[in-house]
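What follows is calculated from the coordinates using simple rules that are stated; it is not laboratory data. Computed from a predicted model, the values in this text were never measured in an experiment. Counting neighbours? That spans all protein chains shown, and the Cβs are built from the backbone with ideal geometry, glycine included.
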């Protein structure tokens, strides 16, 4: 559907005859030049209006895209997942850190005088180790 009026050949011929009769053949070329200038100005204004309207539409679209990008940045699935994993792992990390500190403290703590000592010689002389070493020697032969 076009908003501009539709002129056929018959309408244009009728307008030309009426213009020739009203204006006369002497002033008809200058009137046609004036009509051409007016038509050119009207088309120019229509083009400027269309360009301005398109520019406003593009700016609105760009602003909408910016707001969508900002929303995506705020609702980033990766950062949400990372923060959820970090909060879930934190108690485990704390427990491992505490256990490591307890083991380090126990290793650095001097033995108490009443505690039994296990020297490397006593460990080597234990029957369970001797039996396992004999069994592996038997298996090797």
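May I ask you to say which residue of 64, 48 is assigned to a helix (DSSP H, G or I) and under 20 Å from the mean Cα position of the chain (by Cα)?
Only one candidate qualifies: 64.
Assess whether residue 36 counts as being surrounded by 10 or more Cβ atoms within 10 Å (Cβ to Cβ) and at negative phi.
So residue 36 passes the test.
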